[in-house]
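Novice: Sharing a structure, written as structure tokens. Questions coming.
None of the figures in this text is laboratory data; all of them are computed from the coordinates on show. No experiment lies behind these values; they were computed from the predicted model shown. Because the Cβ atoms are built from the backbone with ideal geometry, glycine has one as well, and the counts that use them run over all protein chains shown.
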Amino acid sequence: MGNLIFNYLIVNLRTGGMVSVVRDWLVKNSRLTPQIHSVLRRQFNIARYEPPYLESMKPKFPAYEAVTVQIKGYDFPLLENFQKFAHSIAEYLDMTVELCWAHPAAHYEIHTFKPRSSVVEETYKLLVYERNIKLVNVISFKLSLLIELLQSGMPEGTTLKVFLYSLEHENEKYVPDHDLIAKMKELDELGGPIIDENDNPFYQTPK
């Protein structure tokens, strides 16, 4: 009986041009049961109510969650000064600098050969240093301005790369302990560690 009366009211309201009244009433009234609320919205084609402050909280311009500014160069003091310059420019543009870190220097060996032969004439050993700056919540137009400013002030012999932040790239800054890795590999070849029941209180007898 209740469903018949409810459907009767819906039909009368639709034919009586009261859709706008019901829509406003639904927005203001939040004490309806979920079943009645969903039926009314479906019958009158009323979208879900969203508070107006949610729209105001959205950024006016598209933004990147996290961006990495990568700088590489052969001259260590020059690269350090350029990183400080990039850091200060980012803060001047009201960007949030969350993290700065250095990667281990990459070693390169360059050979030159005598004309028309495979005999090595000269050998050069080069070190490429790397510095990274992580920016968070970066607005798109500010990022383009930052790139233009850094490109205009780049010293000779340095390279600049900007890309989305990834945890895999940050993990590369940790220098592996080759001696420890070799010892662990040797231990695995010998059958793994031996755990004594008396020495380890958390030891569990294998089933």
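Novice: Starting with the fewest neighbours, write out Tyr165, Tyr64 ranked by other beta-carbon atoms found within 10 Å of each beta-carbon.
Specialist: Working: Tyr165 19, Tyr64 16.
Exposure proxy ranking, most exposed first: Tyr64, Tyr165.
Novice: Taking the Cα atoms of the stretch 63-174 alone, what are Rg (to one decimal) and Dmax (as a whole number) in Å?
Specialist: Expressed in Å, the Cα Rg and Dmax of the stretch 63-174 come to 17.1, 57.
Novice: Let me ask you something else. Can you list which of the trypsin sites (Lys or Arg not before Pro) found in the stretch 77-136 are DSSP loop residues with at most 13 other C-beta atoms within 10 Å?
Specialist: Those satisfying the criteria are Arg116.
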